[in-house]
Structures are given as C-alpha cells and as structure tokens.
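Take a look at the structure below.
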Amino acid sequence: MKLIVQIPCYNEEHTLPETYKDIPRAIDGVDKVEIMIIDDGSTDRTIEVAKSLGVDHIIRNKNNRGLARTFRKGLDECLKLGADIIVNTDGDNQYAGWDIPKLIKPILEEKADVVVGDRKTQDINHFSPLKKLLQRLGSYVVKKVSGVQVPDAVSGFRAYSREAALQLNIISPFSYTIEALIQSGKKHMAVTHVPVETNAKTRESRLFTSIPKFIERQLTTIVRMYTMYQPLRVFVLLGALITLIGLIPIVRFLVYYFMGEGDGHIQSLILGGVLSLLGAFTFLIAIIADLINFNRQLIEQTLEKVRRMELAMHNDANYAKSTPGQVEQSTKAHEARDSELKDD
C-alpha cells in the first residue's frame with residue numbers, strides 16, 4: 001500500500017519546510033509514504049528548498065497554470081508512480097499534516113473513496129465573519145447540487161483512493177475543490193469527511209483575494225458542473241420558467257380581448273408569443289443537451305479505460321527495467337491489481 005502526499009506549490013519557499021515537517025513518514029496500514037510537490041512556475045527558491053528537504057518527487061510547470069490544472073497534473077503523476085492513496089495538501093502549511101492518518105483511515109477501511117478534511121471553519125479565528133458565512137453557504141449549495149454531505153466543501157485537504165483518482169476529470173481552470181465534489185457525487189463515489197486541525201495563518205489566501213470575484217468563480221463552477229451532469233433538468237426548468245413568463249402577457253391580452261379592448265394590447269400578445277416560442281426552443285435544447293450528456297458519459301468511460309491502459313503500459317515499461325528482485329515484487333502487484341479489476 002503506497003501513499004503519496006502531493007503538495008501544489010507556488011512561491012512557497014518559506015512555508016514548505018513546515019508543511020513537509022508535519023507529514024508523517026510512517027502510518028499504520030501503509031507500506032510506503034512518499035511526498036511529491038508540483039511546482040506551478042514558482043519564481044522563488046521553492047524547487048531548491050524541496051530538494052534540500054529530500055522530497056521524493058518534484059514535478060514542475062514551466063509557467064503558472066493555476067491550482068486546478070496543477071492538482072490535475074499531480075493526480076496523473078501520482079497514478080503513474082503507483083499510488084494506492086493520494087493525499088492533497090497545501091504548501092502554505094494551512095493544514096495539519098499530522099492528521100493524514102485520520103484522513104486516510106476511511107479509505108484504508110474501505111468505507112470511502114474520497115475523504116475531505118473538515119477544518120471546522122466556524123472555530124478558525126483568522127476567518128472573518130463574512131468568510132465563514134460564505135464557506136457555510138457555499139458548502140450548503142454544493143451539498144444540494146452534488147448530494148454529498150460535506151460541511152467544508154472548499155477544503156483542499158483531501159484523500160483519494162486510486163479508483164477515485166482514475167475517475168476524476170478536472171476541467172475547471174480556477175479551483176478543483178467544488179468540481180471534484182460534484183463529480184464524486186454524480187459518479188456515486190463514497191464520500192465522507194473527518195475533522196482536522198489547521199495551523200496558524202502564514203499568508204493571505206491567493207484564491208480569496210476579492211470576495212465578488214471569488215463568489216463569481218465558485219458560482220460559475222457550480223452552475224457549469226451541475227448543468228454538465230443534469231442538463232435535462234436545468235433546461236426543462238429554464239424552458240418552463242420562460243414559458244410561464246410568456247403566458248402572463250398572453251393572459252393579459254385575452255382578458256382585455258374578451259372585454260372588447262383587445263386592439264390596444266396587441267403588444268402583449270406579441271411579447272407572450274415570442275417568450276412562449278423561446279420556451280419551446282429551450283425544451284428542444286433540453287433534449288439535445290441530454291443526448292450530449294450521454295455522449296459525455298461514454299467519452300468519460302473511454303477516457304478512464306485509456307488512462308488505465310496508459311498506466312498499465314507505463315508499469316510494463318518499468319517492469320522491463322526492473323532487477324530480478326523487483327520483477328518478483330512487480331509481478332505480485334500486477335496480479336493483485338488484475339484480481340481487483342476482475343472483482344469490479
């Protein structure tokens with residue numbers, strides 16, 4: 001059982017040593033713990049600090065690509081390295097690394113595919129009342145949209161099983177946290193949460209710089225992901241709303257018409273007719289969007305199979321380069337994974 005702790009980093013030379021120090025290297029139920037940083041085009045000494053600390057794997061973006069893309073790249077690299085469990089934490093030392101054993105326990109016990117660390121934001125002193133309110137409101141909306149019961153939806157301290165990581169397809173350019181939860185819920189993964197501790201604030205958040213911008217980005221992600229997975233419901237409701245609004249001026253016209261005053265209210269009939277026509281078009285869009293949704297599911301299934309094939313080829317390439325002792329160990333790992341796939 002291999003655990004890889006991935007740390008997306010952007011100019012974290014001052015906070016990375018504390019983050020690294022908090023991560024336990026020996027955990028019950030885990031044979032090997034490795035640490036990987038994904039440097040997102042840092043302009044400081046983050047890479048040099050990581051090397052001096054003895055980080056096991058260093059992945060680097062040539063330029064700054066954003067947290068979501070960096071997280072996705074980290075998942076891919078962890079899978080290539082044979083991770084059975086992947087833990088994601090931040091490089092600013094916000095999350096308490098010593099809680100990693102608690103975080104991965106539901107996965108080790110085969111009770112969950114995804115585990116989210118609940119920071120208990122209401123108890124964090126340096127969070128403003130407005131930020132606490134937005135965290136609570138956002139988590140409530142995500143719970144309703146995804147069907148996942150997680151009190152801290154934007155927490156980046158998470159653990160993923162290998163199977164969960166294989167099924168995630170992060171497309172958001174901003175933050176992966178909400179998108180990953182919605183995908184997990186819609187793909188019927190077992191998601192749970194555990195309370196975790198946080199460390200003292202080390203710097204200002206780079207995602208929460210502007211409240212209006214933060215709200216706009218999070219809402220955009222929620223609407224986009226929900227529409228992607230529930231297009232029929234979204235467009236049918238939208239079409240029904242437009243049609244209902246269109247009926248109001250039509251009814252108004254009919255009232256005046258039967259009163260013998262219809263000639264002066266023809267505009268209401270035209271407006272109602274246009275809105276009703278738009279509603280009908282929206283219903284047609286709902287059908288098309290639903291068909292596209294089924295095609296998306298087929299594409300995701302294909303992508304997952306391709307990803308499994310690529311990982312198998314990668315493992316076979318490493319297998320061919322192995323020493324005789326490593327060959328025997330790798331053979332056993334292959335047989336175990338083949339058995340798991342057959343059981344699935």
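The values are calculated or read from the model by the stated rules, or taken from the named source; none is laboratory data. Fair warning: this is a prediction, and the values are worked out from it, not measured in the lab. Note: ideal-geometry Cβ built from the backbone for every residue, glycine included; neighbour counts use all protein chains shown. Ligands, DNA and RNA are excluded from the accessible area calculation, which covers all protein heavy atoms including side chains. Shrake-Rupley method; radii C 1.70, N 1.55, O 1.52, S 1.80 Å.
Only one of Ser128, Ser161 is out of contact with any Asp or Glu (no Cβ under 8 Å at 6 or more places or on another chain), among the hydroxyl-bearing types (Ser, Thr, Tyr) and open to solvent by 10 Å² or more (accessible area, probe 1.4 Å). Can you tell me which?
Ser128
Quick check: anything in segment 10-17 open to solvent by less than 10 Å² (accessible area, probe 1.4 Å) and out of contact with any Gly (no Cβ under 7 Å at 6 or more places or on another chain)?
No: segment 10-17 contains no residue that is open to solvent by less than 10 Å² (accessible area, probe 1.4 Å) and out of contact with any Gly (no Cβ under 7 Å at 6 or more places or on another chain).
Is it the case that Thr70 is touching a strand residue (DSSP E or B) at 6+ places or on another chain (Cβ under 8 Å), under 23 Å from Ala200 (Cα atoms) and either among the hydroxyl-bearing types (Ser, Thr, Tyr) or open to solvent by 10 Å² or more (accessible area, probe 1.4 Å) (or both)?
Numbers: touching a strand residue (DSSP E or B) at 6+ places or on another chain (Cβ under 8 Å): yes; under 23 Å from Ala200 (Cα atoms): no; either among the hydroxyl-bearing types (Ser, Thr, Tyr) or open to solvent by 10 Å² or more (accessible area, probe 1.4 Å) (or both): yes.
It is false that Thr70 is touching a strand residue (DSSP E or B) at 6+ places or on another chain (Cβ under 8 Å), under 23 Å from Ala200 (Cα atoms) and either among the hydroxyl-bearing types (Ser, Thr, Tyr) or open to solvent by 10 Å² or more (accessible area, probe 1.4 Å) (or both).
Out of curiosity, is Leu311 part of a helix (DSSP H, G or I) and open to solvent by 70 Å² or more (accessible area, probe 1.4 Å)?
no
Which residue pairs have Cβ atoms closer than 6 Å, lie 6 or more positions apart in sequence or on different chains, and pair a first residue in segment 220-249 that is open to solvent by less than 80 Å² (accessible area, probe 1.4 Å) with a second residue that is part of a helix (DSSP H, G or I) and of a type in the set (Asp, Glu)?
Thr221/Glu179; Met225/Glu179; Pro231/Asp290; Leu232/Asp290
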